[in-house]
1. For Ile125, Ile76, Ile112, give me the order by solvent-accessible area with a 1.4 Å probe, most accessible first, ignoring ligands, DNA and RNA.
2. For Asp132 paired with Ala103, estimate the spin-label separation in nm (one decimal), with each label point 7 Å from Cα along the Cα-to-Cβ line.
3. Using θ = phi - 60° and the Karplus form 6.51 cos²θ - 1.76 cosθ + 1.60, what ³J(HN,Hα) does each residue of segment 87-92 get, whole Hz, x for Gly and Pro?
4. For the residue pair Ala95 and Ala67, what label-to-label distance in nm results when each label sits 7 Å from Cα along the Cα-to-beta-carbon direction?
5. Taking amide H atoms as placed 1.01 Å from N in the peptide plane, list the residues 5 or more away in sequence, or in a different chain, whose amide H sits under 5 Å from that of Val51.
6. Could you order Lys61, Lys79 by accessible surface area, starting with the largest, using a probe radius of 1.4 Å?
7. In nm, to one decimal, how far is the Asn57 label point from the Ala121 one, both placed 7 Å along Cα→Cβ?
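The values are calculated or read from the model by the stated rules, or taken from the named source; none is laboratory data. Bear in mind the structure is a predicted one, so any value in this text is a computation, not a measurement. We place every Cβ from the backbone using ideal geometry, glycine too, and count neighbours over all the protein chains shown. We work out accessible area using only protein heavy atoms, side chains counted, and drop any ligands, DNA or RNA first. Shrake-Rupley method; radii C 1.70, N 1.55, O 1.52, S 1.80 Å.
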Amino acid sequence: GTWQLAAPARLTIDGEAIDIGPQQWENGDSRLSVPKFRLAGEQMDIEAALVAPATANTVGKFAHGLADDFLSSLFIATKAPVLIAPAMDSQMWEAAATQENIARLQARGVTIVGPASGRLASGRIGAGRLVDTATLLGAATLELARAGDLAGRDRLHDGRKELAAAAQ
């Protein structure tokens, strides 16, 4: 699958700084072996992980503990809160397997943001659209603030519009 990092990523493993990108993982960079990645996961200073858009395939991998690429390995290794914003065709979103995977992730404490309804990439109209940026940022802000001054809140207001967490 195709994925992108929201910001450049650099891990320090065994004292060596390693820039992370898809080419390192796909080319089998030996510095990213599973034992080293596990150790890095314990040392990473990640406040929260936001996966957007999350395809049905990504949701399934996460729900079943598959770790065959950088993103799914990071998901398993991180102890940080995880937010997932599903985006897929409505038939895929409504499928029993997808709903079971979403329920499994929620039971593990993963925050699901969306999906929204509207016109989809297939041309159909229905549930499965990626939520808007304000909703993503609102959900991430709430997740980061849960232990602080905003503990117990499920919505924020920025003066212009409500930033709903949209967590299910």
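1. Largest to smallest exposure gives the sequence Ile125, Ile76, Ile112.
2. Here the answer is 3.2 nm between the modelled labels.
3. Once rounded to whole Hz, the list reads 8, 6, 5, 4, 5, 5.
4. In this crude spin-label approximation the distance works out to 2.5 nm.
5. For Val51, whose amide H was placed from the backbone, the distant partners under 5 Å are Leu83, Ile84, Ala85.
6. These residues rank, largest area first, as Lys79, Lys61.
7. Here the answer is 1.0 nm between the modelled labels.
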